[in-house]
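What follows is a short report on a single structure.
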């Protein structure tokens, strides 16, 4: 194996008062990451371009050298959810969310409080799939609040989703739902928007009156009474191929991306959420992800040229303003995954790149345009003490990097 590329989702952050005005990465004890940093180089990266707030799909597409128009979130999410697609099928990424009412249109929570159990999501998905539309469709719940939907037929994807926060490239933030709208005057675009809006209205009626949500409200939990959709796509993604790479990815987006890129992806069944403690579930997932990634490398160290590892859980504390939780997660990843990497990379002469797909500052509870830190372990023999964190990376010898040039800059691609 020549190189390992690790993306810690939502890694970048800003100083927080709960951490004495440090970022989670600055406050975390990360001796193994610092070992790699001391024998490598640091820098900072804009995953897409300065001033742009990237979504996860946009970031990974860019980091692997592609243009944003090469794919859509809906297509990648659906493919990573094992939904079959033919050209013209319209795919969206979906969140189970909570609104006050259709009349008021206020989004209370985009993730139904992170308390929607796997069983509840599955039951709600079955009810949604009974909706009657002028076309066939399939709706699938995936992990926690996440889902994907595909409308079968010859649709247009020149339509906006119903959550302004996730309109590609617009970098807006709004707590108001909107109707799906066509982006041109084409009849098919209008038809596609109408079908999606009809589906969303009928889905709300099903969800709002479902026994699952009535019981959740009785317990004081947020009902999963609305679907928030984004990333419309009908065209198969056209991404650069990485056939000599393997991937350790377990969320639908990254699974779909890895598969489309020609990587051999090694995944695992994510732990089911069975109670209301979302972070207990996230920690189960994180522990499993770190162990899984280490096992994948161990089994393929003589077979694959490069490995792509994506760790999702570090993004969630950023969205929930939990800087201490994010710090603890970074420390856990360091003493598990990065301790293992430290033990193998020197003797096997494996280079390592560690970065984030975007910044998710805890105090903002959302993605931001802030750059992400980059660590490039390049087998340096003379260690120079360094701390892998945003502040040090801003001063690093790699300097400022654009996402599309990262893998070429570190020599992982020609």
Among 385, 121, 289, residue whose mean-square fluctuation peaks in a GNM of the chain (springs only between Cα atoms under 10 Å): 385
Separation of the residue 122 and residue 381 label points, Cα + 7 Å toward Cβ, nm: 5.7 nm
Alpha-carbon centroids, region 1-73 and region 362-412: separation in whole Å: 7 Å
Gain in span if fully extended, residue 244 to residue 108, counting 0.36 nm per residue against the direct Cα distance: 44.5 nm
Relative packing of peptides 33-45, 174-186 - highest average C-beta neighbours within 10 Å first: 33-45, 174-186
Helix 187-208 axis, angle to the chain major axis (alpha carbon atoms, nearest 10°): 90 degrees
Scattering profile of the chain at q = 0.08, 0.11 Å⁻¹ [log10 I(q)/I(0), Debye over alpha-carbon scatterers]: -0.42, -0.80
Bridge type composition, region 78-233 - antiparallel percent by DSSP, nearest 5: 100 percent
Simple label model, 7 Å out from Cα along Cβ direction - residue 321 to residue 287, nm: 3.0 nm
Footprinting exposure proxy for 82, 370, 315, 357 (fewest neighbouring C-beta atoms within 10 Å first): 82, 370, 315, 357
Rg(Cα) / (2.2 N^0.38 Å) computed for region 78-233, rounded to two decimals: 0.98
Counting DSSP beta bridges with both ends in the chain, the antiparallel % (nearest 5): 60 percent
Semi-axis lengths (Å, descending) of the ellipsoid that matches the C-alpha gyration tensor of region 263-414: 26, 22, 15
Tail fraction, Cα-Cα pairs, region 1-133, threshold 20 Å, whole percent: 69 percent
C-alpha long axis of helix 278-300 to longest principal axis of the chain, angle in °: 50 degrees
Ascending count of other beta-carbon atoms within 10 Å, so fewest first, for 1, 263, 402: 402, 1, 263
Tilt relative to the chain, helix 339-348 - C-alpha long axis, 0 to 90 degrees, to 10: 50 degrees
Neighbour-count ranking [beta-carbon atoms within 10 angstrom, fewest first] of 312, 243: 243, 312
Extension reserve of the residue 187-residue 2 stretch, reckoned as 0.36 nm per residue once the Cα distance is removed: 61.5 nm
At R0 = 35 Å, FRET efficiency that the Cβ-Cβ distance of residue 300 and residue 49 yields, to 0.05: 0.55
Extension gain, residue 274 back to residue 194 (0.36 nm per residue minus Cα-Cα distance, nm): 25.2 nm
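Taken together, the values in this text are just the output of simple stated rules run on the coordinates, not laboratory data. These numbers come from a predicted model, not from an experiment. Methodologically, a virtual Cβ is constructed for each residue, glycine included, from the backbone with ideal geometry; neighbour enumeration extends over all protein chains shown.
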